[in-house]
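A.B. asks: Quick one: structure below, then a few questions.
Here, each number is a calculation from the coordinates, and none is a lab measurement. Just so it is clear, the structure is predicted and the values come from calculations on it, not from any experiment. For neighbour counting, all protein chains shown are included, and Cβ atoms are generated from backbone atoms with ideal geometry for every residue, glycine included.
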Amino acid sequence: MSFTQSLLLLALIILFGAFFSIAEIALAASRPLKLRKLADGGSAAALRVIGVQKNPGNYLTVVQISINALAILGGIVGERFLTPLFSQLFAMLLEPGLATTLGFAMSFIVLTSLFIIATDLIPKQVAMAMPEPLAMFSVGPMRLLNLLLHPLVWFYSRLVSALINLLHLPARRDDSITPEDILAMTEAGARSGLLAPGEQQAIENIFELDTRTLPSAMSNRDEIVYFLVDDSDALIRSRIADAPHSAYPVCDGDIDHIIGYVSMKDLFKRVLHNEPISLGDPALLHKPLVVPDRLTLAELLKQFRLAGEDFALIVNEYSLVVGLITVNDVMSIVMGDLVPPWYEEQIVRRDDNSWLIDGITPIQDVRRALEIEHIPHEEGYETIAGFLMTMLRRVPRRTDSVTWGGYTFEVVDVDSYRIDQVLATRTPASPSKTGEPVAES
């Protein structure tokens, strides 16, 4: 075989080796979700790749048979024409025996480097960069090779399957997608700039609906605007003007004895027609949706859908009203920074190392804003005020403080027994591991 023929044969061996490397990595790196989308768009090749991913045994067997056979053949062909070439070059300077040895060594180094670069590193990096198109391109030729090499493929596949079963090794990958997988992908998308930070946060907030309970998003008991059943027409009109809402609870004596609710739409009709407003009128009253405070936000949305309501009153285990929540409250949790807040921000950054936090701020929001990985006993409370009470084991007073996670949380304002404002300051020391509270009176 001439030098030119040997060089051409070696080039073909390297080319086919690169193809098999691409076929192997492209199959492994192809994303099932993207392939499914392409298949739904009518791509038969994408559908075949999905089928191979579910049962890749024969496909990988063809790849390994071909790669190893080509590597051996490439070594034989390359050594036959490269070793004499390098030996002749070295013979110009060295004795024949040493020149032959160095020629073989140089031939080995060049061939190994050539195969590593041209049939391994470059093809695999390209396949990782665009796996789906390359997997769809290679799946057709690989099916043909599977038919041509069927006896060998059948033998090796059965042998490998038997060994895998004997050793109890996993044979198929798990393609199930978990919430953690989705959040990791959205975080990667935000880092790459393909996804806006606010959009990534909104997706994360959606998954939090299954863990956040109602107190983290509700309007507290003392913020509820309600009517008593015997309120006068003038009082009702005045309160509507001062505090407009879509609906108002109607109570008998106090807020814990709710008999129904009235909608702003019905009240507005009475006002437009200059009709007197009497909350004792059964035509005005509607039955309210009342839910327990242990529900999650996701469970609340289901209740809204079933009841056809957009607001609910929240009661505790003693049947006392603790808050009110609307669909808009839940949506504000989901949308986060994508919509401008109509209320005063609950977490205000004063400088690089301190934040002023409202006492009713949900603890999840505090943890996210301060980038604290873990809060102790988080399942036992909803707000930063609850965190301080849990850590101090008593009702906090002004200047009481707790150190946790590299921050000192100091109570700066208390209204009666309610914590109004908390100052969070980054501590110079390393984050606390024990979370021991430090209280000062």
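A.B. asks: Just want to confirm a number: the relative contact order over the chain, from Cα pairs under 8 angstrom separated by 6+ residues, in percent.
C.D. replies: Once normalised by length, the contact order is 11 percent.
A.B. asks: Kyte-Doolittle cut-off 1.0, length cut-off 27 Å along the helix's own axis using Cα: show which whole DSSP H helices in the chain pass.
C.D. replies: 3-29, 57-91, 96-116
A.B. asks: Once you order the gyration tensor axes a ≥ b ≥ c over the Cα atoms, which shape class does region 344-426 get: rounded for a/c under 1.5, otherwise prolate or oblate by comparing a/b with b/c?
C.D. replies: Cα axes put region 344-426 in the rounded bin.
A.B. asks: Moving to a separate point now. Given the Cα-Cα distance of Ile122 and Arg305 and 0.36 nm per residue of separation, how much length would full extension add, in nm?
C.D. replies: Result for the pair: 60.5 nm of gain on full extension.
A.B. asks: At 0.36 nm per residue, minus the direct Cα-Cα distance, what do Leu183 and His168 gain on full extension? Give it in nm, one decimal, please.
C.D. replies: Gain on extension, Leu183 to His168, equals 2.2 nm.
A.B. asks: Along the Cα→Cβ direction, 7 angstrom out, place labels at Asn146 and Arg191. What is the inter-label distance in nm?
C.D. replies: 3.5
A.B. asks: Semi-axes, largest first, in whole Å: what does sqrt of 5 times each Cα gyration tensor eigenvalue give for the chain?
C.D. replies: Each semi-axis is √(5λ); the values are 71, 30, 19 Å.
A.B. asks: Hey, quick one: spin label on Met335, modelled 7 Å out along Cα-Cβ, who in region 286-328 has an amide N within reach, i.e. under 11 Å?
C.D. replies: In region 286-328, the label zone of Met335 (backbone N under 11 Å from the point 7 Å along Cα→Cβ) covers 328.
A.B. asks: Hey, with R₀ at 60 Å, roughly what FRET efficiency would Glu95 and Asp413 work out to, going by the Cβ-Cβ distance, to 0.05?
C.D. replies: With a Förster radius of 60 Å, E is 0.05.
A.B. asks: Across the chain, how many lysine pairs, 8 or more apart or on two chains, come within less than 20 Å at their alpha-carbon atoms?
C.D. replies: 6
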